[in-house]
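J.: Input: one structure, supplied below.
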Amino acid sequence: MKGQILRQLFHFPLCWVPPQRGDKMNLTELNKKYDEMQLKYGDPNLKSIFYGGCNEKPDICFVFMNPTGKNIASYPDWAGIRAPWIGTKNIWNLFVAIGKFDEGIYKEIKKRKPKDWTPEFANQVYSEITRNKIFLTNLGKCTQTDATLISNKIYFEYLALLEREIEIIAPKVIVLFGNQVSTVFLNQNISVSQCRKKQFAKDIGGKAFKCFPVFYPVGNGRANIGKSIEDIKWIYENVLSTEGEKQC
């Protein structure tokens, strides 16, 4: 019975044209659309979470699933940036482990409780993400109260908007975290365990973007963080090392 429910939850027809169109929207217009969709797909008492980091030709765009209420930037009284993982601890282990995050800021994150994050500290964290030419985003921007799985059908509602987001920022490489995100984004059934370090091409706006499915590194996927680290390091060493350097 459980397997049947999961198949129903995640089944989707390949080549399904997503209903939301992001054609020629700018980032501000995308944010407005994400806020509208929060009322439909997220908790109406929470705010949608956008993205953060280097938004002009970053080395890597990391695509996660969708935010939860653990991100304090989703609180109505938060006055700072609405970027992924604000007020949380575990995801920053990944960026330190791949050598792309300052250890001093990391230690400060580990000391702070969610309520101790301020807009100024969030800016400091994301300035470090930007310095390392990284862009963080979610496939779905709808904030849920918890980590309850949402269906592919809802993720497809966000897909064209994310594609426009990526078209604007133009990353060198896209890392897709987990089977579900990879499957929806690439529009084919993906098992990360079967395609580690395998490059896929995604055409957006006439440009082919390099995409790599990687194990989800936190939450239910935290046991796989070592594999995530290994694969991301491999991408830096074998894919990005051949790209020209550009300061963000």
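J.: Largest first and in whole Å, what are the equivalent-ellipsoid semi-axes of the stretch 191-246 based on the Cα gyration tensor, each being the root of 5 times an eigenvalue?
T.: That gives 23, 15, 10 Å for the three semi-axes.
J.: Using the crude model of +1 on Lys and Arg Cβ and -1 on Asp and Glu Cβ, and no other charge, please compute the dipole size for the stretch 122-248 relative to its Cα centre, in debye to 20.
T.: Dipole about the Cα centre, nearest 20: 200 debye.
J.: When DSSP beta bridges are limited to those with both residues in the chain, what percentage is antiparallel, rounded to the nearest 5?
T.: 35 percent
J.: Along the Cα→Cβ direction, 7 angstrom out, place labels at Lys107 and Leu149. What is the inter-label distance in nm?
T.: 4.0 nm
J.: Continuing with the same structure: Would you mind calculating the gained length between Asp43 and Asn220 on full extension (0.36 nm times residue separation, minus the Cα-Cα distance), in nm to one decimal?
T.: 61.6 nm
J.: Taking the radius of gyration and the Kirkwood hydrodynamic radius from Cα positions alone, what is the Rg/Rh ratio for the chain, to two decimal places?
T.: Reported Rg/Rh, Kirkwood definition of Rh: 0.93.
J.: I need the phi-derived Karplus couplings for the stretch 224-231: 6.51 cos²θ - 1.76 cosθ + 1.60, θ = phi - 60°, integer Hz, Gly and Pro marked x.
T.: 9, 4, x, 5, 4, 4, 4, 5
J.: On full extension of the chain, what length is gained from Lys227 through Arg131, given 0.36 nm per residue of separation minus the C-alpha to C-alpha distance?
T.: Taking 0.36 nm per residue and subtracting the Cα distance, the gain is 32.1 nm.
All of the numbers you see were taken from the coordinates with simple rules; none came from a lab. Keep in mind that this is a model prediction, so the values were computed, not measured. Note that each Cβ is placed from the backbone with ideal geometry, even for glycine, and that neighbours are counted across all protein chains shown.
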